[in-house]
């Protein structure tokens, strides 16, 4: 029986994780649920799965507390987080943004198996992640695909790793059009149903920038050997190019429950319980180069990855703030963040 803590249980990945858990009730026990707010959704999850503890970072009402099922304890903040991790064998870190860094650190420090869905933690905890990569199973579809592909090849045979990007809602927009985009425009992802933060990052391709840094830390690969390619259909999730000219592709329908299920049960594989598709369902398959003049996030991520040190968390923090401001309606936020990071870069050149 797998003892599972789901951190960020009310978000998109957390919710889909619990959908998988429901299909395997005799093999997975939910020992903890964690979310930022004591919402009705979290309460419903607590009643349905009856974990030993539920954790939030905002104080719940007395009525909410009194509605918890018998046998479920409420805990607040970091104390609850540490307790949740201590009860688990596997920790699904589906907490959004920079708030997912601390859960990843605690999970790895406590020698738990980390199911990593939070990009920022893998990016910012670089050396620590590299030291503990044998206990990390990536959940993001792209890194989960590469994780599986890399098991079947010798490292010395690999030329490049490819991360695929749908291109988001702005794939065919000009740069001038993108400068006038609204949050509503950016939140219209063509293929995936995700939370607001990751959807905005997908629209700017900053998520692919972070994914390059993730791949560098997870798989011990130089940034120069990690490429991004536009793949509008989002059915090919990762590609390896080998030195003999071969390409190995990992493909599947756009359903996050596939990589979630793989991570939950790794190294065992389970029958997919949500409706299979025929191979022809995945057609057609197209690839396009990325316009890096339009999607400057990839340049910023490569620069930060080459600079290392504080530059990576600075980029992550600047993006977090920019996305927050953009969602609040400040359209200049992303350009402001770009100028801020560029200024830090120029100041670093002066110092050297």
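Take the conditions farther than 20 Å from residue 166 by Cα and in contact with a helix residue (DSSP H, G or I) (Cβ under 9 Å, 6 or more places away or on another chain) and apply them to residue 207. Does it pass?
So residue 207 does not fit the description; no.
Only one of these is in contact (Cβ under 8 Å) with a residue 24 or more places away in the chain and over 12 Å from residue 92 (Cβ atoms): 32, 38, 5. Name it.
Result of the check over 32, 38, 5: 38.
Look through segment 87-104, keep the residues that are out of contact with any strand residue (DSSP E or B) (no Cβ under 9 Å at 6 or more places or on another chain) and surrounded by fewer than 18 Cβ atoms within 10 Å (Cβ to Cβ), and return whichever of them is nearest to residue 321 (Cα to Cα).
99
Being over 29 Å from residue 190 (Cβ atoms) and outside any loop (DSSP other than H, G, I, E, B) is the filter here, so list the residues in segment 238-271 that pass it.
Hits for segment 238-271 are 242, 265.
What about residue 196, is it buried (at least 19 other Cβ atoms within 10 Å of the Cβ), in contact (Cβ under 8 Å) with a residue 40 or more places away in the chain and more than 15 Å from residue 256 (Cβ to Cβ)?
Judged against the criteria, residue 196 is not a match.
I'm trying to understand the selection: among the residues of segment 126-155, which are assigned to a loop (DSSP other than H, G, I, E, B), at pLDDT below 95 and within 24 Å of residue 85 (Cα to Cα)?
Within segment 126-155, 140 is the sole residue that qualifies.
Just wondering, is there one or more residues in segment 161-171 that are outside the structural domain of residue 264 (by TED's automatic domain parsing), free of Cβ contacts under 8 Å to residues at least 40 places away in the same chain, surrounded by fewer than 24 Cβ atoms within 10 Å (Cβ to Cβ) and more than 13 Å from the chain's Cα centre (by Cα)?
No - not one qualifying residue is present in segment 161-171.
Strands (runs of 3 or more DSSP E) wholly in segment 13-112 with at least 2 residues that are more than 15 Å from residue 3 (Cβ to Cβ), under 23 Å from the mean Cα position of the chain (by Cα) and outside the structural domain of residue 210 (by TED's automatic domain parsing) - which ones?
53-56
The values are calculated or read from the model by the stated rules, or taken from the named source; none is laboratory data. What you are looking at is a predicted structure, and each value in this text was computed from that prediction instead of being measured. Ideal geometry is used to build each Cβ from the backbone, glycine not excepted, and the neighbour counts take in all protein chains shown.
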